[in-house]
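Got a structure here, written out as structure tokens. Questions coming.
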Amino acid sequence: MAKKGGFLLGAVIGGTAAAVAALLLAPKSGKELRDDLAAQADDLLDAASDYTDLAKEKSAELTDIAKEKAADLSQQAGELAGNIKNKVDQTAEQASNESDDILLNLKEQSADLSDRFKKSADELKEQTADLGSLAKDTTADIAEDVKDSAVQAKETVKDGVAEAKPVVEDTKDLADMAKEDVKDAAKKVVEEK
């Protein structure tokens, strides 16, 4: 926006300078010259004020869009973090329960180790497999949540860009209109000469 504001200011100053130069070189009386200069200055100041107001309005629109999309992204990130925390907590609790079951089973089996060793080994193997499967499932769920959140974030950013694009186009059109107004004002002053 600073580049466009600089351009607009430069265009207004350049147009004013051209108008003053044309009027100074025109064969008019001092009073007519002052009146023409004052009228041109008023016209250019009015046009510059109008374009400045429009530029501020478009800047406010872009700011609102950016704030809205930043809030959406923040909410999505918070939801993802909450989902991951819940899944990790659930998995830790389940793993703790499984570990307690394993220890209890070992204590029961130690009384008659020689007869039950094979049975205990099979049960432990099965319980350990369940624990590995649980960890694998939780990891897959977390990965899916992260992927979904990334897609949502991408869509949010895409929506923000789409909403901002018309505002940027309007701002470009306003800059072009300002440029044409300055050219027309300078041409008018030169033609009056």
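The values are calculated or read from the model by the stated rules, or taken from the named source; none is laboratory data. Just so it is clear, the model here is predicted, and its values are computed rather than measured. In this analysis, Cβ positions are derived from the backbone assuming ideal geometry, glycine residues included, and neighbour counts consider all displayed protein chains. Protein only, heavy atoms only, side chains kept; ligands, DNA and RNA dropped before computing areas. Shrake-Rupley method; radii C 1.70, N 1.55, O 1.52, S 1.80 Å.
Take the residues in the range 22-33 that are part of a helix (DSSP H, G or I) and aliphatic (A, V, I, L, M); name whichever of them is modelled with the lowest pLDDT.
Residues of the range 22-33 part of a helix (DSSP H, G or I): 22-25, 30-33.
Applying the additional criterion that residues be aliphatic (A, V, I, L, M) yields 22-25, 33.
Details: ALA22: 69, LEU23: 63, LEU24: 66, LEU25: 70, LEU33: 68.
Taking the candidates together, the pick is LEU23.
Does any residue of the range 34-47 turn out to be closer than 12 Å to LEU174 by Cα, charged (D, E, K, R) and either open to solvent by 50 Å² or more (accessible area, probe 1.4 Å) or modelled with pLDDT of 80 or more (or both)? Break it down into steps so the answer makes sense when it comes.
Here is the first cut: in the range 34-47, the residues closer than 12 Å to LEU174 by Cα are 47.
If we keep only those that are charged (D, E, K, R) as well, we get none.
No, the range 34-47 contains no residue that is closer than 12 Å to LEU174 by Cα, charged (D, E, K, R) and either open to solvent by 50 Å² or more (accessible area, probe 1.4 Å) or modelled with pLDDT of 80 or more (or both).
How do the pairs read when you match residues in the range 52-70 that are on the phi < 0 side of the Ramachandran plot with residues anywhere that are of a type in the set (S, T, N, Q) and surrounded by 12 or more Cβ atoms within 10 Å (Cβ to Cβ), using Cβ under 9 Å and keeping only pairs 6 or more apart or on different chains?
So the pair list comes out as LEU54/THR171; ALA55/THR171; LYS58/THR171; SER59/THR171; LEU62/THR171; LYS69/THR156.
Quick test for you: out of SER74, SER59, pick the one residue that is in a helix (DSSP H, G or I), at pLDDT 80 or above, more than 25 Å from GLY6 (Cβ to Cβ) and within 26 Å of the chain's Cα centre (by Cα).
Numbers: SER59 fails: more than 25 Å from GLY6 (Cβ to Cβ).
Result: SER74 is the single residue among SER74, SER59 that is in a helix (DSSP H, G or I), at pLDDT 80 or above, more than 25 Å from GLY6 (Cβ to Cβ) and within 26 Å of the chain's Cα centre (by Cα).
Shifting gears a bit: Where the second residue is part of a helix (DSSP H, G or I) and open to solvent by 70 Å² or more (accessible area, probe 1.4 Å) and the first is at pLDDT 70 or above and lies in the range 122-143, which pairs have Cβ atoms under 7 Å and are six or more apart or on separate chains?
Correct list of pairs: GLN127/ASP101; LEU134/GLN94.
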